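Novice: Dropping a structure here in structure tokens format, bear with me for questions.
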Amino acid sequence: MVCFPPCKINLGLNILNKRPDGYHNLETCFFSLPWTDILEIIPSDILTFSSSGNAIPGKTEENLCLRAYALLKKDFDLPPVKIHLHKIIPTGAGLGGGSSDAAYTLRLLNTIFKLNISNQNLMAYAASLGSDCAFFIQDKSMLGSGRGEILTEIEVNLKGKFLVLVKPDVHVSTAEAYANVKPNQPEFSLQHVLTTYALQDWKNVVKNDFEESVFEKYPEIKHIKENMYSLGAIYSSMSGSGSSVFGIFDSPLEVDKDFADLTNWSGVLG
């Protein structure tokens, strides 16, 4: 069985404070995009994992897809499977590609073997694999709090807008981004801002707290955001801890012309 794990962008990302456990409390809005990997899982005599496409950092045995399988294997009598992942979503880009692959492995195993795990329980499994994994269990925009694993539905309507996503040849590690971020309490909650302010006003009120330190170290990422606005973006932001940047436009533009040397995706939002 084949599925297509999507990536996500963050519409705003406020780092509120550092927790006693070393993590940070945050608030963000996860919004999925149809830029996807391709994941196939089929029954097999032995458990195997293979990949193609973009290189995946880390040891194969530590891949999140295998970790997701092992997590369910503890509680269910899962037979061996063959997992193949064709990697398209860039890594180190703040797009949650690895988290999406893990969540969709849980979803696919639940479907293939008729495990009848509820979405709520699947989200609990996913949250143990990574802070933003749980978001990918349901196909909805979500407001994330806590480490990002506490999710509540939020209505964000970008239908008909043209979105451009650009990833420079820069890898920003999550640990590096968190080490340099400056927590602060915003005047208004992100939920209030996203549901009260018009898209045209987001430029002044919807922030990503990682941008300040990441832009300082990687000015080429800042330049992409500035370029988005020069091309007419209504709103532009770095996604997550970087390094990708997205811009929301009223109408299409020639992406290959404006960002020809950079990895990019674009499309009209449904």
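Novice: Filter the GluC sites (Glu not before Pro) in region 204-270 down to the DSSP loop ones having no more than 13 other Cβ atoms within 10 Å, then list what survives.
Specialist: Within region 204-270, the qualifying GluC sites (Glu not before Pro) (loop, at most 13 other Cβ atoms within 10 Å) are GLU254.
Novice: For region 87-195, which GluC sites (Glu not before Pro) are in a loop by DSSP, counting at most 15 other Cβ atoms within 10 Å?
Specialist: Listed in order of number, the matching sites are GLU155, GLU187.
Novice: In sequence order, what are the phi-derived ³J(HN,Hα) couplings for region 16-28 according to the Karplus relation 6.51 cos²θ - 1.76 cosθ + 1.60 with θ = phi - 60°, rounded to whole Hz, with x for glycine and proline?
Specialist: Rounded to whole hertz, the list is 7, 6, 8, 8, x, 7, x, 7, 10, 7, 9, 9, 7.
Novice: For ASN157 and TYR229, what does the FRET efficiency come to when R0 = 22 Å and r is the distance between their Cβ atoms, rounded to the nearest 0.05?
Specialist: Once the sixth-power term is evaluated, E becomes 0.50.
Novice: Given H placed 1.01 Å from N in the peptide plane, which residues other than close sequence neighbours of LYS161 have an amide H under 5 Å from its amide H?
Specialist: LEU269
Novice: Follow-up question, since we're still on this one. At a Förster radius of 41 Å, what calculated FRET efficiency corresponds to the Cβ-Cβ distance of ASP250 and SER44, to the nearest 0.05?
Specialist: Using R0 = 41 Å, I get an efficiency of 0.25.
Novice: Now for a different question. Using the Cα centre of region 167-240 as the reference point, and only Cβ charges (+1 on K/R, -1 on D/E), how large is the resulting charge dipole? Debye, rounded to the nearest 20.
Specialist: 100 debye
Novice: Let me ask something else about it. With a point put 7 Å past each Cα toward its Cβ, work out how far THR263 is from LYS140 in nm, to one decimal.
Specialist: For THR263 paired with LYS140, the spin-label model returns 3.1 nm.
Novice: How much accessible area per residue does region 23-159 have, counting only protein heavy atoms and a probe of 1.4 Å, in square angstrom?
Specialist: Solvent-accessible surface per residue comes out at 45 Å².
Novice: May I ask you to derive the relative contact order of the chain, considering only C-alpha pairs under 8 Å and at least 6 residues apart, and to give it as an integer percent?
Specialist: Reported as a whole number, the value is 23 percent.
Novice: Right, something else. Among ASN204, ASN54, ASN157, which one shows the biggest mean-square fluctuation in a GNM of the chain, springs joining Cα atoms closer than 10 Å?
Specialist: ASN204
Novice: Figure the gain on full extension for THR91 and ALA175 (residue separation times 0.36 nm, minus the Cα-Cα span) and round it to one decimal in nm.
Specialist: Using 0.36 nm per residue and subtracting the Cα-Cα distance, I get 28.8 nm.
Novice: Then there is this: Mind ranking ILE137, ILE112 by accessible surface for me, highest first, 1.4 Å probe?
Specialist: ILE112, ILE137
Novice: Further question: Could you give the angle, 0 to 90 degrees to the nearest 10, between helix 219-230's Cα long axis and the longest principal axis of the Cα atoms of the chain?
Specialist: The two axes meet at around 70 degrees.
Novice: Report Rg(Cα)/(2.2 N^0.38 Å) for region 97-231, keeping two decimals.
Specialist: 1.23
Novice: Okay, moving on. Residues of region 161-225: accessible area per residue at 1.4 Å, in Å²?
Specialist: The answer is 56 Å² per residue.
Novice: Further, regarding this structure: For a label point 7 Å from the Cα of MET1 along Cα→C-beta, name the residues of region 134-166 whose backbone N is under 17 Å from it.
Specialist: Answer for this model: 137-139.
Novice: If you don't mind, another one. Provide, for q = 0.10 Å⁻¹, the log10 of I(q)/I(0) from a solvent-free Debye sum over equal Cα point scatterers in region 1-118.
Specialist: Rounded to two decimals, the profile gives -0.35.
Novice: Quick check for region 120-224: number of Lys pairs with alpha-carbon distance under 15 Å, counting only pairs 8 or more apart or on different chains?
Specialist: Qualifying lysine pairs in region 120-224: 6.
Novice: Under the 0.36 nm per residue contour assumption, what length would be gained going from the current alpha-carbon distance of GLU220 and LYS18 to full extension?
Specialist: Answer, rounded to one decimal: 69.9 nm.
Novice: With volume of the Cα convex hull per residue in Å³ defined as stated, name the option among (1) 113; (2) 154; (3) 128 computed from the structure displayed.
Specialist: The value matching this structure is (3).
Novice: I want to verify a result. In a Gaussian network model of the chain, Cα cutoff 10 Å, which of these has the top mean-square fluctuation: ASP75, ASP139, ASP37?
Specialist: Looking only at ASP75, ASP139, ASP37, the largest GNM fluctuation is found for ASP75.
Novice: Size of the dipole of the chain about the Cα centre, Lys and Arg at +1 and Asp and Glu at -1 on the beta carbon, nothing else charged, in debye to 20?
Specialist: The calculation lands at about 400 debye.
Novice: From the backbone phi of region 74-89, what are the Karplus-calculated ³J(HN,Hα) couplings (6.51 cos²θ - 1.76 cosθ + 1.60, θ = phi - 60°) in whole Hz, Gly and Pro given as x?
Specialist: 5, 10, 9, 7, 7, x, x, 9, 9, 10, 10, 10, 9, 8, 10, 5
Novice: What are the ³J(HN,Hα) values, in whole Hz, obtained from phi via the Karplus relation 6.51 cos²θ - 1.76 cosθ + 1.60 with θ = phi - 60°, for each residue of region 90-102 in sequence order, with x given for Gly and Pro?
Specialist: Values per residue, Gly and Pro as x: x, 8, x, 10, x, 10, x, x, x, 5, 5, 4, 5 Hz.
Novice: Of all beta bridges DSSP finds with both residues in the chain, what is the antiparallel percent, to the nearest 5?
Specialist: Percent antiparallel among DSSP bridges in the chain is about 85.
Novice: Would you please name the chymotrypsin sites (Phe, Trp or Tyr not before Pro) within region 64-137 that are DSSP coil residues with at most 15 other C-beta atoms within 10 Å of their C-beta?
Specialist: PHE76
Novice: Considering amide H positions built from the backbone, and no H for Pro or chain starts, which residues 5 or more places from SER189, or on another chain, come under 5 Å of its amide H?
Specialist: none
Novice: Expressed as a whole percentage, what fraction of the accessible surface of region 1-58 belongs to carbon and sulfur atoms when a 1.4 Å probe is rolled over the protein heavy atoms?
Specialist: 58 percent
The values are calculated or read from the model by the stated rules, or taken from the named source; none is laboratory data. Everything numeric here is computed off the predicted structure, so don't read it as measured data. Here Cβ is always computed from backbone atoms with ideal geometry, including for glycine, and neighbour counts include all displayed protein chains. Areas reflect the complete protein model, heavy atoms only, side chains present, ligands, DNA and RNA absent. Shrake-Rupley method; radii C 1.70, N 1.55, O 1.52, S 1.80 Å.
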